[in-house]
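Peer 1: The structure's right below; bear with me while I get my questions together.
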2 protein chains.
Amino acid sequence: MERITATYLIETPISVERAAATLAGEQSSGTFVSVPGESEKLKQRFAARIEQITPLETVRQPSLPGCRVRGNAYQRAEVIVSWSIENVGTNLPTIVSTVQGNLYELTQLSGLKLLDLSFPDSFIEHFAGPRWGIPGTRKLAGVENRPLIGTIIKPSVGLTPRQTAELVGVLADAGIDFIKDDELMADPPHAPFEARLQAIQPVIHDYAERTGKRILYAYNVSGEIDTMLRHYEQVVVAGGSCVMVSLNSVGLTGVKKLCDQGALAVHGHRNGWGMLNRHPVLGIEFPAYQKIWRLAGVDQIHVNGIQNKFWEPDDSVVRSIQACLKPMLGGYSILPVLSSGQWGGQAYETYRQTQTIDLLYLAGGGIMAHPDGPEGGVRALHRAWEAAVAGKTIEEAARESPELRRSIEKFGSSGKVKA
Amino acid sequence: MERITATYLIETPISVERAAATLAGEQSSGTFVSVPGESEKLKQRFAARIEQITPLETVRQPSLPGCRVRGNAYQRAEVIVSWSIENVGTNLPTIVSTVQGNLYELTQLSGLKLLDLSFPDSFIEHFAGPRWGIPGTRKLAGVENRPLIGTIIKPSVGLTPRQTAELVGVLADAGIDFIKDDELMADPPHAPFEARLQAIQPVIHDYAERTGKRILYAYNVSGEIDTMLRHYEQVVVAGGSCVMVSLNSVGLTGVKKLCDQGALAVHGHRNGWGMLNRHPVLGIEFPAYQKIWRLAGVDQIHVNGIQNKFWEPDDSVVRSIQACLKPMLGGYSILPVLSSGQWGGQAYETYRQTQTIDLLYLAGGGIMAHPDGPEGGVRALHRAWEAAVAGKTIEEAARESPELRRSIEKFGSSGKVKA
């Protein structure tokens, strides 16, 4: 039988072998005493199997409260566990309950982080995965051979549909490839979804008629299932090509339902991610997280950005980008979306560390607040990326581009954002 | 304009006032520099408002990594923030994105936990809330004047539909009120949902015909949207009265869609909860969490149990029970579900600390592994609860009940579970 595999970082005051056995037991038989019916044969067929234990460092203090046993040292280890697909089939929510579920509650552990997952080849038959991914998103936006340059409608909240549409016009004239709603903006009374769509989409059409360039607009459809599907359909009818969804707030089944419609690219925003990831020994790492969303069919997923305004260190962002670019089950292409405090100055380091242009590079303030206006902001981003790919530093690029020089003056220097 | 209010525990190396201002700013305008269009008038109308700051203790070490500023002390504070409903309307996922969202990513914070939420009265018009809650679940189960006694099918994984149905027969004869699937068991190849339903439901019907007592069975419908709705409908057709769903794995919109069907009670399992809650200064506290699910319409929600097998301390469990029992928007009744290592010995402390019998009290091994068999297990639970409500200690109760005596011998003494 094929198996699903999960890799964990654990921390425990007891032996890592016993802790791993508890973890595996909780997610198979799942009660605190042996029960009738739990035969050896049944156990063997359905029990989670510990595949590998790699001891790591020990720490003096438990990372999380709640261990019954108090130790002088808390051992960390990487533990690989597997389950037969007989246990769960292709039921994605139940797979999540199996690989995470009650494990974070165990008193034998003072830390647990799900690092990675692997799924069997047969999943290809059930999960269509991202319908667009990297090549599809590029085709929709008409952009090849460079990162897609995008922005977010700001201020996040408060613009009327008409003001938003005017801003889209400005951004179109500035040469943007991609625009998204903010995650705080979906369907509020002051700017209802349909009114925004009806105001924005004609601007995009007119611009495409005039220039041949069709901007990808990710309309935030996040909402209840029926509302999301209705808004999705409205985007289809209006000739749009992309919707956005807050992955954690909408949840796995709602997002998959949306992706399953298959007519539009789905832009996955991971707001709420810090709650799941910021602690070093609690929650889930991005390589595991993004695989779940790729199975669900998300085409584009946020990974933060190099030298971002948030807490996430660069090496973590780089690992996230690499995780997205690694094929899964031989495909399931997903486009990493960089954002947070980006203005172009980070292009050099981003390219140096990832060696890819398969990115959707979002700048909000970095474009909107450019001293020459949004057009200057977009141009500065293009110049920064061309220079980065050519191996030039930001300083070299700045000598050749007045817009980039002004970006540096306003937003930072040598790639560092001023607070 | 009505406002949505969120109460946070924050921890910061900077002044709590500045940290709170950053938090509020991130969830209103949301970029790292001021942008055109962000007028004072717009800010005033849509900005998150800091309602109250209550400084708490300081700690020497940051609870989470990633603060840009290093301090000698990290100040904790309770901060209350509000948003106009103009920002979000009744869009539940976007409300979640607004009150949580990127906040956990802020470098100005070394800790953030969402403690509580409050919603405006007008939400009553949009959110039907739990259709059954405490009175409805009692009516479905035909149980008044005592806690509902329930159990979980164990072993969690591996039983065939026929074996499961046989076990249901045994549990019925034992006098159980409620049975639920395990969260690891939904629709696997070895025990497909429909086959389980078709095997189990006749046993429940036959028992009801014979005795007049209709057992509430919570079928785990967790799965993709269409599958959940199909399974839900099958339960309706088969004459069932309850479905179960893994809240975190299925996600908010899928769960709400299910609750909106309105024909069956929805049993909410919170597996994955430890990831969101175990850290003292990261994630979300149960009072906030359960309100979101009440808005979605969940009728029964897990709260762990006193002296449980997991890490959660008793005072936290007590707070969770109290949170469920507190009316929300004047109603939205939800039944707290106690489980994890329960066998009856905890009844006395549970009642003493909560003074309620509005509980669904689940025991897995505590019933199935009872020395006299499940019937003895259920009888022991009844005796334990009767004694608890009468103010008798477990020792007093044990003198009057041989079944309870044997539970104590097997599972613990004085309410403590043997490891």
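Peer 1: Just to check your reading of the model, which residue among A:K213, A:K180 is more than 25 Å from the chain's Cα centre (by Cα) and modelled with pLDDT of 95 or more?
Peer 2: Selected residue: A:K213, the only one of A:K213, A:K180 that is more than 25 Å from the chain's Cα centre (by Cα) and modelled with pLDDT of 95 or more.
Peer 1: Would it be correct to say that A:G283 is touching a residue at least 40 places away in the same chain (Cβ under 8 Å), within 11 Å of another protein chain (Cβ to nearest Cβ) and among the small types (G, A, S)?
Peer 2: Taking the combined requirement at face value, the residue satisfies it.
Peer 1: So B:R138 ticks every box in (1) open to solvent by 10 Å² or more (accessible area, probe 1.4 Å); (2) in the same structural domain as B:P287 (by TED's automatic domain parsing); (3) part of a loop (DSSP other than H, G, I, E, B); (4) modelled with pLDDT of 95 or more but one. Which box is left unticked?
Peer 2: (3)
Peer 1: Let me confirm something: among B:S333, B:S340, which residue is part of a loop (DSSP other than H, G, I, E, B), in contact (Cβ under 8 Å) with a residue 40 or more places away in the chain, of a type in the set (S, T, N, Q) and closer than 25 Å to B:W293 by Cβ?
Peer 2: B:S333
Peer 1: Another question, then. Could you say whether any residue in region B:102-122 is within 12 Å of chain A (Cβ to nearest Cβ), more than 25 Å from the chain's Cα centre (by Cα), part of a loop (DSSP other than H, G, I, E, B) and buried (at least 23 other Cβ atoms within 10 Å of the Cβ)?
Peer 2: Yes, the conditions are met somewhere in region B:102-122.
Peer 1: Which ones in region A:141-176 are of a type in the set (S, T, Y) and open to solvent by 10 Å² or more (accessible area, probe 1.4 Å)?
Peer 2: Listed by number, the list holds a single entry, A:T160.
Peer 1: Go through region A:252-271 and count every residue that is at the interface with another protein chain (Cβ under 8 Å from one of its Cβ atoms) and open to solvent by less than 10 Å² (accessible area, probe 1.4 Å).
Peer 2: Within region A:252-271, residues that are at the interface with another protein chain (Cβ under 8 Å from one of its Cβ atoms) and open to solvent by less than 10 Å² (accessible area, probe 1.4 Å) number 4.
Peer 1: Taking A:G240 as the residue in question, decide whether it is under 22 Å from B:L103 (Cβ atoms) and either in contact with a Leu (Cβ under 9 Å, 6 or more places away or on another chain) or within 13 Å of chain B (Cβ to nearest Cβ) (or both).
Peer 2: No; evaluated as a whole, the condition is false for this residue.
Peer 1: I want to confirm something. Restricting to region A:151-165 and keeping residues that are more than 7 Å from chain B (Cβ to nearest Cβ) and either touching an Asp or Glu at 6+ places or on another chain (Cβ under 6 Å) or without any contact (Cβ under 8 Å) to a residue 12 or more places away in the chain (or both), which single residue is farthest from A:G364 (Cα to Cα)?
Peer 2: So, considering only residues that are more than 7 Å from chain B (Cβ to nearest Cβ) and either touching an Asp or Glu at 6+ places or on another chain (Cβ under 6 Å) or without any contact (Cβ under 8 Å) to a residue 12 or more places away in the chain (or both), the one farthest from A:G364 (Cα to Cα) is A:I153.
Residue by residue, here is whether (1) touching a helix residue (DSSP H, G or I) at 6+ places or on another chain (Cβ under 7 Å); (2) away from every other protein chain (no Cβ under 14 Å) holds:
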site: A:E26; (1), (2): yes, no
site: A:E40; (1), (2): no, no
site: A:S63; (1), (2): no, no
site: A:R68; (1), (2): no, no
site: A:R76; (1), (2): no, yes
site: A:I80; (1), (2): no, yes
site: A:T90; (1), (2): yes, no
site: A:A128; (1), (2): no, no
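Peer 1: Residue by residue through region A:213-242, note down the ones that are under 25 Å from A:R138 (Cα atoms), touching a residue at least 40 places away in the same chain (Cβ under 8 Å) and surrounded by fewer than 21 Cβ atoms within 10 Å (Cβ to Cβ).
Peer 2: Result: A:K213, A:R214, A:Q234, A:A238.
Peer 1: Among the residues of region A:123-135, count how many are assigned to a loop (DSSP other than H, G, I, E, B), open to solvent by 10 Å² or more (accessible area, probe 1.4 Å) and touching a Leu at 6+ places or on another chain (Cβ under 8 Å).
Peer 2: Qualifying residue count, region A:123-135: 1.
Peer 1: Applying the selection to region A:294-309, what residues are within 12 Å of chain B (Cβ to nearest Cβ) and either under 16 Å from A:L114 (Cβ atoms) or surrounded by 22 or more Cβ atoms within 10 Å (Cβ to Cβ) (or both)?
Peer 2: Within region A:294-309, A:L295, A:A296, A:G297, A:H302, A:N304, A:G305, A:N308, A:K309 meet the criteria.
Peer 1: What about B:T7, is it out of contact with any strand residue (DSSP E or B) (no Cβ under 6 Å at 6 or more places or on another chain), open to solvent by less than 50 Å² (accessible area, probe 1.4 Å) and not assigned by TED's automatic domain parsing to the domain that holds B:Y332?
Peer 2: Answer is no for this residue.
Peer 1: Taking the options B:I95, B:I50, name whichever one is in a helix (DSSP H, G or I) and not polar (S, T, N, Q).
Peer 2: When all the criteria are applied, what remains is B:I95.
Peer 1: With respect to A:L109, determine if the residue is out of contact with any Cys (no Cβ under 8 Å at 6 or more places or on another chain) and touching a residue at least 40 places away in the same chain (Cβ under 8 Å).
Peer 2: The answer is no for A:L109.
Peer 1: Quick one: which residue in A:I334, A:I357 is under 23 Å from A:R131 (Cβ atoms) and open to solvent by less than 10 Å² (accessible area, probe 1.4 Å)?
Peer 2: A:I334
Peer 1: Moving on. Suppose we filter B:I179, B:I200 for residues that are surrounded by 21 or more Cβ atoms within 10 Å (Cβ to Cβ), without any contact (Cβ under 8 Å) to a residue 40 or more places away in the chain and either within 20 Å of B:R379 (Cβ to Cβ) or not assigned by TED's automatic domain parsing to the domain that holds B:G268 (or both); which single one remains?
Peer 2: Answer to the selection: B:I179.
Peer 1: Any idea which of (1) assigned to a loop (DSSP other than H, G, I, E, B); (2) open to solvent by 10 Å² or more (accessible area, probe 1.4 Å); (3) without any contact (Cβ under 8 Å) to a residue 60 or more places away in the chain is the one B:L184 doesn't satisfy?
Peer 2: With (1) assigned to a loop (DSSP other than H, G, I, E, B); (2) open to solvent by 10 Å² or more (accessible area, probe 1.4 Å); (3) without any contact (Cβ under 8 Å) to a residue 60 or more places away in the chain applied to B:L184, the lone miss is (2).
Peer 1: Please tell me if B:K326 is farther than 18 Å from B:R146 by Cα, open to solvent by 60 Å² or more (accessible area, probe 1.4 Å), within 14 Å of chain A (Cβ to nearest Cβ) and out of contact with any helix residue (DSSP H, G or I) (no Cβ under 7 Å at 6 or more places or on another chain).
Peer 2: Answer is no for this residue.
Peer 1: Let me ask something additional. Does B:E312 fit the bill of being crowded, with 17+ Cβ neighbours inside 10 Å, charged (D, E, K, R) and modelled with pLDDT of 90 or more?
Peer 2: Considered against the rule, which asks whether it is crowded, with 17+ Cβ neighbours inside 10 Å, charged (D, E, K, R) and modelled with pLDDT of 90 or more, B:E312 comes out as yes.
The values are calculated or read from the model by the stated rules, or taken from the named source; none is laboratory data. This structure is a prediction, so every number in the text was calculated from the model and none was measured. Reconstructed Cβ throughout: ideal geometry from the backbone, glycine too, with neighbour counts over all protein chains shown. We work out accessible area using only protein heavy atoms, side chains counted, and drop any ligands, DNA or RNA first. Shrake-Rupley method; radii C 1.70, N 1.55, O 1.52, S 1.80 Å.
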